[in-house]
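This structure is in structure tokens; I'll ask about it shortly.
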Amino acid sequence: MDQLVLEGGRPLTGVVPVSGAKNAALPVLAACLLTEAPVVLERVPALQDVHTQLSLLRHLGVGASWQDDEVVALSAAALAEPVAPYELVRTMRASFLVLGPLLARCGHAEVSLPGGCAIGARPVDQHLVGLQRLGVALEVVGGYVRARAPRGLRGARIVMNQVTVGGTEHLLMAAACARGHTVLENAAEEPEVVDLARFLRRLGARIEGEGTARIEIEGVEHLEGGRFAILPDRIEAASYLLAGAATRGRVTVQGVVPAHLGAVLDKLEEAGARVDVEAEAVTVALEDRPRPVSLRTAPYPGFPTDVQAQFMALACLATGVSRVRETVFENRFMHVPELARFGAQISLEDARSAVVTGVPKLVGAPVMATDLRASFSLVIAALAAEGESIIDRLYHMDRGYAAMTEKLRGLGAQVARRKAPPG
């Protein structure tokens, strides 16, 4: 198992390129099952989750190969038996998204219930209820969803009980090739949902309303192939900007969509950072300790839950008391005890509310990553802390941050990756 060793106390400065968005690439990869024609995807991040999704697609009979560092060619002309086994689905939830496309192509499928980070229950009930509305008969047996659509998928009006990004993406894919008209109400508005709709439209799907709470889909008989570039990763971009601010440096993220970072940039300005926005770049600079900022996570365009831990790391160094309210997941404060090892002063009011009392400095410490986004909050704290820090369980980071060590070094960080000593 690998460790990250960081020597903190140095401002990060420079420009960091942003990779393609993991949370956009994974559903787009699943959607490639909908067409028999070749597809080429650009700006695909070389992450562990992407490799896992590609392994699942290959198991299902899809030809998939890397053409370049960030370019993947896929062909789903001849699918194998539509069964997605537990060992390929258990590590991340996005693997479950193959169920809808498999039903559209094959009329039946058997897919294991998903796994992923232990940040909350995140049930798939909205996925399953929506598929039933599209004419799918299903049962859950032994941890697998067995589903059939012997008469094909048919359009329907689906009102989701809660906003769910994965559920919206899943039903959007399934409805793209269903007979008739589908309306998704209370749909997620995240940029990654919009990107999936753009990809499907590139292949010939008829979709309107993505980016709003109401999406309409007119099903088509088949989709074509095409070439498509994944959108930039707004979570990665926010993570590096927060690292720059926490170390009192100046960091520019290059190749981004600034509008996707609106809620994060607002909070950074509230914390006293200087924010400069260009067409495809954002620069954040902070010379002094940040001001205290309180935030509440919410679905897009609110403050993203995937940046909550990183912002908490910045708040640990603020000149006063910040409050963080997590509304999306019920178990997303696992990073709190690890941040405390750096000397952070954080108390939990309840499972979803944290009070952060800023301290003048943090001190390097050995810590352990607990989930994907929490792992980068530890990186931020370590970069801002005095002395050496060691972060264990890097496999969490490998799921969401491409070439992280190289990118941090490009900003002047003293960081190295090594094998953990035995014992």
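Go through (1) assigned to a helix (DSSP H, G or I); (2) among the aliphatic types (A, V, I, L, M); (3) under 21 Å from the mean Cα position of the chain (by Cα) for residue 339 and report which single condition fails.
Condition not satisfied by residue 339: (3).
Residue-by-condition table, conditions (1) under 16 Å from residue 166 (Cα atoms); (2) crowded, with 21+ Cβ neighbours inside 10 Å:
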{"residue": "51", "(1), (2)": "no, no"}
{"residue": "54", "(1), (2)": "no, no"}
{"residue": "64", "(1), (2)": "no, no"}
{"residue": "77", "(1), (2)": "no, no"}
{"residue": "84", "(1), (2)": "no, yes"}
{"residue": "95", "(1), (2)": "yes, yes"}
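For residue 89, state whether it is in the same structural domain as residue 202 (by TED's automatic domain parsing) and at pLDDT 95 or above. Show your work before the answer.
Numbers: in the same structural domain as residue 202 (by TED's automatic domain parsing): yes; at pLDDT 95 or above: no.
No; evaluated as a whole, the condition is false for this residue.
For every residue, the table says whether it meets (1) modelled with pLDDT under 95; (2) over 17 Å from residue 96 (Cβ atoms); (3) acidic (Asp, Glu).
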site	(1), (2), (3)
144	yes, no, no
151	yes, yes, no
187	no, yes, no
196	no, no, no
199	no, yes, no
215	no, yes, no
224	no, yes, yes
230	no, yes, no
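Does any residue of the stretch 125-145 turn out to be in contact (Cβ under 8 Å) with a residue 40 or more places away in the chain and among the charged types (D, E, K, R)?
So far as the stretch 125-145 goes, no, none of its residues is in contact (Cβ under 8 Å) with a residue 40 or more places away in the chain and among the charged types (D, E, K, R).
Regarding the stretch 366-378, can at least one residue be identified that is of a type in the set (Ser, Thr, Tyr) and under 25 Å from residue 284 (Cα atoms)?
Checking the stretch 366-378: at least one residue is of a type in the set (Ser, Thr, Tyr) and under 25 Å from residue 284 (Cα atoms).
So which residues in the stretch 116-137 are modelled with pLDDT under 95 and more than 23 Å from the chain's Cα centre (by Cα)? It would help to see each step written out before you state the result.
Pass one, the stretch 116-137, residues modelled with pLDDT under 95: 116-129.
Within the stretch 116-137, just 129 meets the criteria.
Moving to a separate point now. Can you find even one residue in the stretch 391-404 that is part of a loop (DSSP other than H, G, I, E, B) and aromatic (Phe, Trp, Tyr)?
yes
Still on this structure, I have one more. Would the stretch 357-367 turn up any residue that is under 22 Å from residue 12 (Cα atoms) and of a type in the set (D, E, K, R)?
Yes.
Only one of these is touching a Ser or Thr at 6+ places or on another chain (Cβ under 6 Å) and assigned to a loop (DSSP other than H, G, I, E, B): 319, 327. Name it.
On the way: 319 fails: touching a Ser or Thr at 6+ places or on another chain (Cβ under 6 Å).
Of the residues listed, the single one that is touching a Ser or Thr at 6+ places or on another chain (Cβ under 6 Å) and assigned to a loop (DSSP other than H, G, I, E, B) is 327.
Let me ask something else. Tally time: how many residues in the stretch 142-151 are part of a strand (DSSP E or B) and either outside the structural domain of residue 99 (by TED's automatic domain parsing) or farther than 12 Å from residue 111 by Cβ (or both)?
Total satisfying the criteria: 1.
To keep it simple, each residue is scored yes or no on (1) crowded, with 24+ Cβ neighbours inside 10 Å; (2) among the aliphatic types (A, V, I, L, M); (3) under 23 Å from residue 84 (Cβ atoms).
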| site | (1), (2), (3) |
| --- | --- |
| 163 | no, yes, no |
| 207 | no, yes, no |
| 227 | no, no, no |
| 242 | yes, yes, no |
| 256 | yes, yes, no |
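Just checking, which of 94, 188 is within 20 Å of the chain's Cα centre (by Cα), outside any helix (DSSP H, G or I) and within 23 Å of residue 49 (Cβ to Cβ)?
Result: 188 is the single residue among 94, 188 that is within 20 Å of the chain's Cα centre (by Cα), outside any helix (DSSP H, G or I) and within 23 Å of residue 49 (Cβ to Cβ).
I need the full set of residues from the stretch 391-407 which are aliphatic (A, V, I, L, M) and either surrounded by fewer than 22 Cβ atoms within 10 Å (Cβ to Cβ) or on the phi > 0 side of the Ramachandran plot (or both), in order please. Give the steps one after another, and end with the answer.
Of all residues in the stretch 391-407, those aliphatic (A, V, I, L, M) come to 391, 394, 397, 402-404.
Hits for the stretch 391-407 are 394, 403.
The values are calculated or read from the model by the stated rules, or taken from the named source; none is laboratory data. Just so you know, these numbers come straight off a predicted model, no measurement behind them. As a convention, Cβ positions derive from the backbone with ideal geometry for all residues, glycine included, and neighbour counts pool all protein chains shown.
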